[in-house]
Amino acid sequence: MTEFRASRRQLLRAGGATALAAGLGPAVLTGCGGSGDAAGGGGQLSFMYWGSAFEKKAIDQMLKKYAGEHKGAKVDPMFVPVANYPTKVSSLVAANTPPDLGYLGTSQMYDLAQKDLILNLFPYVEKYPALKDRLPSSYFWYGKDKLAANQLAMGVQILYYNTDAFKAAGVDPAPFTAETAWSWDDFVQAADKLTVDQNGKHPSEDGFDGGKIKQFGTIAPFGGGGLYSLLRSNGADMVNEDGTKFALDSAAAVDVLKKLQDLIYVHRVAPTPAQLGKNAPTTAVQLQTKRVAMVIDGNWQMLDLMEGKVPFGVAVLPKFQESLTMTGGAAGAIFAKTKHPEEAIELYLYYNDPEHVDLFKDGLWAPLQKKYYTDEAEIDKWVLKDKYPPNFRTAVVDTTAKHGVTDWGQQMKNSERIHQVLDPAIEQISLNKGAPIDIVKALKPKMQALLQGKWPTQEL
């Protein structure tokens, strides 16, 4: 969504969605902050997380299921609202009572890992081979042989659309393979047909009233992964390969920024920030009410779309030079204070698996493991044919596995401070406060001063 309030993504970033290892014995779990075992060896493991009411219910059910399947195990769920989450983590760490494992925003996760407050998973990789069976982009490395975490789940950008709106406008279903992806011009033309004012006119027609738009074709994806996906599609990037030089001022990057700005102010197929509103409805509501016909957003929107019974389809993103999508997500980590790291790893592997958590089948999370993108039988375990859109396999699963690019911010050092400078500049472009080239030129020295390179990556 093109809105620059404190979004869920921004909060997670500032706070910083694996198969169960075979042959593991019963868990003897420990309490928050490494407290001693309870009488009889039953102990307790603490699991800290954020999420919606639906996510809370699913996580609590998963933890109860885990405890029931592991003799002697007790798991203490610690739910914290996302807005308060980074502060709560900091206070628990300062008090020397962190949870055993839980969610973490990437910036906070890297900070804690550097202070040896996060368990390094690398020494456990050989003993727990399930740690290896994950998409490369899901790993958070912070040095040679230093593995801080994996993502909670895979996040991927999707083009969602209201199927009824497409039928009414006479627009064919959006493309669902990388080979058939819309060009940018195709996307703009479709958005024009899908944008109508109160009198039924389109922006390309004489007499169109831009002040009384009944339905917008799309929303300009200035925020989140939509922008980065399109930059990479055009051969551009935010920074150079090692993260030491600002790159958003390249001709290819400026071309993307200008085309997004033109969606709003030239083609008039996307709302201005003012028209979108400060407290804009969610993607699911925008599509359900047909305020917008198609939106680029993350896979986690699937949950609300399916729960709301919205008539929607999924498609690959429009492309410039190459069909791509951005992947990324917040971290799931184990705190170094846990006194039973191997038992914590067992739970860590358990909650990442679609066989144990309904959040994958229900659309909020996408798996980390390679097998869930390559093996038909495994794909069927989470992409339910009677629930997911029919083209999800080719539009999302195949695209993630074959055409995914890692979120640049997930690998950047000093990412929180960088976004504090970058995001307001992108907002100025969305507000039409100047030409993109002029805005990014003014941004360059500010950004360059903050760049400290990228965190290392390593193959397992």
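Every read-out reported here was derived from the displayed coordinates using simple, explicitly stated rules and does not represent laboratory data. Just so you know, these numbers come straight off a predicted model, no measurement behind them. Neighbour counts run over all protein chains shown; Cβ positions are idealised from the backbone, glycine included.
Starting with the fewest neighbours, write out Lys214, Lys74 ranked by other beta-carbon atoms found within 10 Å of each beta-carbon.
Working: Lys214 14, Lys74 18.
If I rank by nearby Cβ atoms, fewest first, I get Lys214, Lys74.
One chain, two ends: Lys441 and Glu459. Fully extended at 0.36 nm per residue, the span grows by 2.9 nm beyond their Cα-Cα distance. In plain terms, the residue of Phe79, Phe216 with the fewest other Cβ atoms within 10 Å comes first and the most crowded comes last, giving Phe79, Phe216. Net charge dipole, segment 250-387: roughly 800 debye, given to the nearest 20, about the Cα centre with Cβ charges of +1 for Lys and Arg and -1 for Asp and Glu. Exposure proxy for Ile437, Ile118, Ile426, Ile264: other Cβ atoms within 10 Å of each Cβ, ordered fewest to most, give Ile437, Ile426, Ile264, Ile118. Subtracting the Cα-Cα distance of Leu117 and Gln61 from their residue separation scaled by 0.36 nm leaves 17.3 nm. About the centre of its Cα atoms, the chain shows a dipole size close to 880 debye [charges on the beta carbon of Lys, Arg (+1) and Asp, Glu (-1) only; nearest 20 debye]. Cα centroid distance between segment 191-244 and segment 280-306, in Å? Each part reduced to its Cα centre gives a spacing of 15 Å.
The modelled label-to-label distance for the pair Gln420/Glu307, using points 7 Å beyond Cα in the direction of Cβ, is 3.3 nm.
Dividing the summed helix terms, -39500 (n - 2.57) for each DSSP H run of n ≥ 4, by the number of residues in the chain produces a 222 nm estimate of -10000 deg cm²/dmol to the nearest 500.
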